[in-house]
Structure formats: C-alpha cells, structure tokens
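Everything below concerns the one structure shown next.
The values are calculated or read from the model by the stated rules, or taken from the named source; none is laboratory data. Just so it is clear, the structure is predicted and the values come from calculations on it, not from any experiment. Cβ coordinates were reconstructed from backbone atoms using ideal geometry, including for glycine residues, and neighbour counts include every protein chain displayed. Keep in mind that these areas ignore ligands, DNA and RNA; they rest on the heavy atoms of the full protein, side chains included. Shrake-Rupley method; radii C 1.70, N 1.55, O 1.52, S 1.80 Å.
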Amino acid sequence: MNILISHCFLGEPCRYDGCSRLDRQVIELHRAGHNLVPVCPEVLGGLDTPRAPAELQPDGRVINEDGEDVTEAYLAGARKALEIARENGCTLAVLKARSPSCGSGEIYDGTFTHTLVPGWGVTAKLLREEGILVMDEENLDSHLFESQV
Ligand code: SF4
C-alpha cells in the first residue's frame, strides 16, 4: 500500500526547530512492505527550516510566534501534499500528531501555551476532506504491520 508519511518521521530534519522525529513504528511500516511517500507540507509550502513555530488560530489562520501570518504557505503546502498523495495513489496518510500542518484530531490552540484542543492541522484537514484516511503515529492500526509481501 502507498502511504503518505510526514517526512520528519523518516529522519528528515524538516521540523520548525531543524530536528526530525524519527519514528521506529513508521519505519516498521516500510519493513511490512508498504511504500512510504514522504511529504513535509511546511517545506512544500516554501517555509525555511528552521522557522518560527506556528499554531492554528480559532479563525483558521496560521500565525507564527513572531506574529506573522503564514496561512498561505500552510495552504500551499497542503495542496502540494494532496497532489503528491493523488499522484502516488495514497488512500492513507500517517502524519505527525499535534502539528499545525499534520496533526489529526488534536492540535495546539493558537496561544503558544502548550494547550491542546480538538482540531485538524491544515494538511490533515484537506487530505481528510478529499477522502484520504488520516491517522497519526499514536493510533496506527495494527493490521498495517501485517506483512504485505
Ligand atoms: Fe513533520 Fe509535518 Fe512538521 Fe513537516 S509539517 S516537520 S512533516 S510535522
């Protein structure tokens, strides 16, 4: 199965702080025979690494810690991630929990106080609206680890 993956899971240092989020479980998906298709929506949207952390606001804008409105970059990255998902026939995306781009079901509330609220990152939301199943690394379906080969 072709699975869209947050690139930072594969050790790519594309996070806002210049680090990665290498994830052994996600690597196991590759070992089980899945084809992992990496995307970093924030980089695809043209943002630099490292960059100021950003959070989604209740009104739908994305504002970074310096007070800049980076919504357009987030939307552009989400559209590119969707395009890549479609090109590769991905019906499932496994994306990083709680990220303002990748988070699914739970994100930070926009106040930069580490407060979580129900919600979807910009890319996760678009993929979901377009019929792609989105899950994060904390709720992976055990069936995905059954060998595909
Ligand atoms: Fe990882 Fe997604 Fe953030 Fe890129 S936008 S660093 S893929 S969580």
Among the candidates PHE145, PHE112, single out the residue that is more than 13 Å from the ligand (Cβ to nearest atom) and at pLDDT below 95.
PHE145
Can you work out which of the residues in the stretch 38-88 that are more than 12 Å from the ligand (Cβ to nearest atom) and of a type in the set (S, T, N, Q) is nearest to ASP23 (Cα to Cα)?
ASN88
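Scan the stretch 34-51 for residues that are open to solvent by less than 30 Å² (accessible area, probe 1.4 Å) and of a type outside the set (D, E, K, R) and jot them down. If you could, list the steps in order and put the result at the bottom.
To start, the set of residues in the stretch 34-51 that are open to solvent by less than 30 Å² (accessible area, probe 1.4 Å) comprises 34, 36-37, 39-42, 45.
HIS34, LEU36, VAL37, VAL39, CYS40, PRO41, GLY45 - these are the residues of the stretch 34-51 that are open to solvent by less than 30 Å² (accessible area, probe 1.4 Å) and of a type outside the set (D, E, K, R).
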Which residue pairs have Cβ atoms closer than 6 Å, lie 6 or more positions apart in sequence or on different chains, and pair a first residue in the stretch 96-118 that is over 12 Å from GLU137 (Cα atoms) with a second residue that is polar (S, T, N, Q) and in a loop (DSSP other than H, G, I, E, B)?
ASP109/THR115; GLY110/GLN57
Restricting to the stretch 100-126, count the residues that are farther than 14 Å from ARG61 by Cα and buried (at least 19 other Cβ atoms within 10 Å of the Cβ).
5
Does the stretch 54-65 contain at least one residue that is within 18 Å of THR111 (Cβ to Cβ), in contact with a Lys or Arg (Cβ under 8 Å, 6 or more places away or on another chain) and buried (at least 17 other Cβ atoms within 10 Å of the Cβ)?
yes
